[in-house]
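Before any comments, here is the structure.
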Amino acid sequence: MTGQGSPAPDSSPSTAGAPRVRIAPSPTGDPHVGTAYIGLFNYVFARKHGGKFILRIEDTDRKRSTKSSEEAILAALRWLGLEWDEGPDVGGPHGPYRQSERLDLYKRHVQQLLDAGLAYRCFCTPERLADLRKQQEAAKASRYGYDRHCRDLDPAESLRRAEAGEPYVVRLKMPLTGTCVIEDGLRGSINREYGESDDQVLQKSDGFPTYHLANVVDDHEMGITHVIRGEEWISSTPKHIVLYEAFGWEAPRFFHLGLLRNPNGSKLSKRKNPVSVDYYRELGFLPESMLNYLGTMGFSISGDRDRFTLDEMIEAFDWSRVSAGGPVFDPVKLRAFNKQDLMAMDLDELQRRFVESVLRPDRLRLLLAQAQKRVDLLDEVLPWGAYFFGGGVDYKAIEKKFRIKGRTRKETIKALSAYLEAIERDERARAFTAAGLEAFTEEFVESIGWNKKFYQLLRVATTGQAKTPGLFETMELVGKDRARQRIRDAVAHMKAGENW
RNA sequence: GACCCCUUCGUCCAGAGGCCUAGGACACCGGCCUUUCACGCCGGCGACACGGGUUCGAAUCCCGUAGGGGUCACCA
């Protein structure tokens, strides 16, 4: 209802002095291009105004956070060249920069809210919440969400139950009336009725804070002046604003960028696209091409130019040159940028980069270990192992191998798809070493009631070949991101296949 | 479903009332260059979602409609 037209762009910091911004990834998977995208805009904004760019790890989800994910995210951002001024690995005056190491801080703040009557303990069981949800769905309720059942519990009673050991979460008391006005630096005013937001959980029953609480507390403690994040956060911003007010803090300025999309318009997801920065890195995309491409998503440096360096982007950056629509992430154009950058390089540089990425010693060594017994001449190594390089392979000639005796096409597709998903949830598989893959795959095959025929299927899918060295050595060498993409391609190929 | 956001070529952007018979990039299609391919060059295809206003004048401002997206978790 508002916010259309001229959104009153504003690049001036709300707080005097240099801005402080942050990227706050959650270490629950592969480094996502969306994280890189938001990171880029934060980085550029900070550099433009001589401010600080902070990296904070939001690992408040105990079940899903992993160290390997955190490491991968840091490595990916660093590869892109988005260096942070403060972060878990480089330190800084506002550390620690990992939320799991700041639990006391959140506990104190929750207590403060509880004491002030601005938050309350909720003893509702997960079952009751599930029932509630079911009811709301059945009733086609216009409002979903928590019904504030425990909101008016007597504080003394509440305390007693807590001390008696009854499990509880702490929820924020949202105002029941009134309008929240979010002044978005990119979109203008966004109005939302407070009453539409439910009473958000601030502290889980395991004592860990939720994103909402930790994010507000940390942004304040770390002196964050501008919160540049994805559009997905708009609807919970009123909760954040209420929290700032509850603590008596000044809220930062908010800027909600459009979300990167799949070709079909939905939020970019790994179902439809390779979304791991590692995938692009592994396939030899250049970090500068990547950054430039990401920089054209929602931003333009001028009307007739879309090739620019990071420094040029920083130089030209202004919110008036940023649009709020959600751009489609188009790998074709990214490739074109990459090709142009390759062409523009002098030969020395090209050679250096090629050797650095494609002929990396660790990878070469894996390759040679397999080639040793299989080639007669050194010159044959690369042609022999061609399927270890490049992205896609051609399944056309070998598609007969996708037919597995005793299994329908549908079953075969299902098994391969299930494998793809299972990889994500298993630490051994995520590490993608031969030994880990073998142990994992063996269990997997059994769990879905298949036999070793699945191995050959995997081999063909990941290499396009029927004859390769040991499956798991081969998969390790193909690499996680390339392998996953090929399995996806194989599934797509099978789905498109006709008469079988 | 409710709330919020978004809406210019297939895609990414330019355009901030007349400069727009709407510009650039990627993709696609022709042609030139060339032993081939690539590069390069020239050209082509191709969009202001729709309907109402406001205005002398609207892609640009307002309203409505439609479409797309996001959010409605003890995930971030």
Checklist outcome for this item: For A:E196, the lone unmet condition from (1) at pLDDT below 95; (2) within 20 Å of the chain's Cα centre (by Cα) is (2)
Next on the checklist: If I go through region A:199-233 residue by residue, how many of them are small (G, A, S) and either outside the structural domain of A:E86 (by TED's automatic domain parsing) or under 22 Å from the mean Cα position of the chain (by Cα) (or both)?
Outcome noted: 2
Item to check | Of residues in region A:335-345 being surrounded by 11 or more Cβ atoms within 10 Å (Cβ to Cβ) and of a type outside the set (D, E), the one farthest from RNA strand B (Cβ to nearest atom) | outcome: A:M345
Checklist outcome for this item: Note on region A:309-348: residues closer than 19 Å to A:F299 by Cβ and over 26 Å from the mean Cα position of the chain (by Cα) are A:E312, A:E315, A:A316, A:S320, A:Q340, A:D341
Next on the checklist: Taking the criterion of being without any contact (Cβ under 8 Å) to a residue 60 or more places away in the chain, more than 21 Å from A:D489 (Cα to Cα) and among the charged types (D, E, K, R), would at least one residue in region A:407-425 satisfy it?
Outcome noted: no
Checklist outcome for this item: Selection over region A:198-240 where residues are in a helix (DSSP H, G or I) and either surrounded by 22 or more Cβ atoms within 10 Å (Cβ to Cβ) or within 12 Å of RNA strand B (Cβ to nearest atom) (or both) yields a count of 19
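A quick yes/no check of all residues on (1) assigned by TED's automatic domain parsing to the domain that holds A:P252; (2) acidic (D, E); (3) in contact with a strand residue (DSSP E or B) (Cβ under 7 Å, 6 or more places away or on another chain):
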position: A:T28; (1), (2), (3): yes, no, no
position: A:P31; (1), (2), (3): yes, no, yes
position: A:G39; (1), (2), (3): yes, no, yes
position: A:N42; (1), (2), (3): yes, no, yes
position: A:F53; (1), (2), (3): yes, no, yes
position: A:D59; (1), (2), (3): yes, yes, yes
position: A:S69; (1), (2), (3): yes, no, no
position: A:A76; (1), (2), (3): yes, no, no
position: A:E86; (1), (2), (3): yes, yes, yes
Next on the checklist: Which numbered condition in (1) of a type in the set (A, V, I, L, M, F, W, C); (2) in contact with a Lys or Arg (Cβ under 8 Å, 6 or more places away or on another chain); (3) buried (at least 20 other Cβ atoms within 10 Å of the Cβ) is the only one that A:M475 fails?
Outcome noted: (2)
Checklist entry - Could you list, in sequence order, the residues of region A:241-269 that are near RNA strand B (Cβ under 8 Å from one of its atoms), at pLDDT 95 or above and either among the small types (G, A, S) or over 13 Å from A:D184 (Cβ atoms) (or both)? => result A:G258, A:L259, A:R261
Next on the checklist: So for region A:6-21 (the condition being at pLDDT 95 or above, within 13 Å of RNA strand B (Cβ to nearest atom) and under 29 Å from A:K204 (Cβ atoms)), does at least one residue qualify?
Outcome noted: no
Next on the checklist: more than 16 Å from RNA strand B (Cβ to nearest atom), out of contact with any Asp or Glu (no Cβ under 6 Å at 6 or more places or on another chain) and either in contact (Cβ under 8 Å) with a residue 40 or more places away in the chain or not aromatic (F, W, Y) (or both): which single residue out of A:V332, A:V322, A:V375 fits that description?
Outcome noted: A:V375
Checklist entry - Residues in region A:54-71: is at least one more than 20 Å from A:E288 (Cβ to Cβ), free of Cβ contacts under 8 Å to residues at least 40 places away in the same chain, not polar (S, T, N, Q) and not in a loop (DSSP other than H, G, I, E, B)? => result yes
Item to check | One residue from A:M290, A:M297 being under 30 Å from A:R353 (Cα atoms), within 11 Å of RNA strand B (Cβ to nearest atom) and touching a residue at least 24 places away in the same chain (Cβ under 8 Å) | outcome: A:M297
Item to check | Residues located in region A:121-152, provided they are within 30 Å of the chain's Cα centre (by Cα) and either within 22 Å of A:S235 (Cβ to Cβ) or among the hydrophobic types (A, V, I, L, M, F, W, C) (or both) | outcome: A:L129, A:A130, A:R133, A:E137, A:R143, A:Y144, A:G145, A:Y146
Item to check | Residue among A:G51, A:G34 that is farther than 18 Å from A:D206 by Cβ, modelled with pLDDT of 95 or more and more than 15 Å from RNA strand B (Cβ to nearest atom) | outcome: A:G51
Next on the checklist: So for region A:405-419 (the condition being under 22 Å from A:R360 (Cβ atoms), out of contact with any strand residue (DSSP E or B) (no Cβ under 8 Å at 6 or more places or on another chain) and not assigned by TED's automatic domain parsing to the domain that holds A:N273), does at least one residue qualify?
Outcome noted: no
Checklist outcome for this item: Restricting attention to region A:413-448, the residues that are at pLDDT below 90 and over 26 Å from the mean Cα position of the chain (by Cα) number exactly 0
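The values are calculated or read from the model by the stated rules, or taken from the named source; none is laboratory data. In this text the structure is predicted, and so the values were computed from the model without any measurement. We place every Cβ from the backbone using ideal geometry, glycine too, and count neighbours over all the protein chains shown.
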